[in-house]
Amino acid sequence: MTIPTPADDAYPYLRAASAGVRHHTRALARPTPATPADRLHLDVLHAHLTTLHQLLDQLAQTTRPPHPAAGRHLATAHTRLWQATSEVHSAFHLLPNNSTEEVEAGTCHPERLPEGPPALTICQRHLTAGHIIRRKTTPTDLRPHTTACVR
């Protein structure tokens, strides 16, 4: 027999992750001079997005059989989150390296070792997530989504 979890105690780790993101957003919005994102910041954000991407994938898989419409919406959210994750990965490579060298604009070279941590970990993470999304979607699904009215 399982005891139902009260709504305010459900999913404590998700609640903690959301609280952490909210706190970080508030800290960035303080009236101090804003500093642009750096590579480490984008690496951590990319890790958060890829983990959320995995969660949405699992939720879509388990929800789709009993509730097909809800499962399709979760699958769509999964695809859109992949697009956001991919853009964060691209932005990471457009930022200058911490050293005096500049990074080649927007390139990720999976066939050779990148310039070292955190570039190595972000590229490995991105390639792993990319394999998953490409097995479950079509190239048409991965095109950027626009909400503009087309006449």
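The values are calculated or read from the model by the stated rules, or taken from the named source; none is laboratory data. Everything numeric here is computed off the predicted structure, so don't read it as measured data. Note that we place each Cβ from the backbone using ideal geometry, even for glycine, and neighbour counts take in every protein chain shown. To get the accessible areas, we keep the full protein, side chains included, count just its heavy atoms, and leave off ligands, DNA and RNA. Shrake-Rupley method; radii C 1.70, N 1.55, O 1.52, S 1.80 Å.
What to note about this one:
- Number of residues in the range 119-143 that are in a helix (DSSP H, G or I) and open to solvent by 50 Å² or more (accessible area, probe 1.4 Å): the value is 13.
- Being charged (D, E, K, R), touching a Lys or Arg at 6+ places or on another chain (Cβ under 8 Å) and open to solvent by 30 Å² or more (accessible area, probe 1.4 Å) is a condition met by at least one residue of the range 60-77.
- Restricted to the range 22-46, and to residues there that are modelled with pLDDT of 90 or more and exposed (fewer than 15 other Cβ atoms within 10 Å of the Cβ), the residue that is farthest from the chain's Cα centre (by Cα) is His23.
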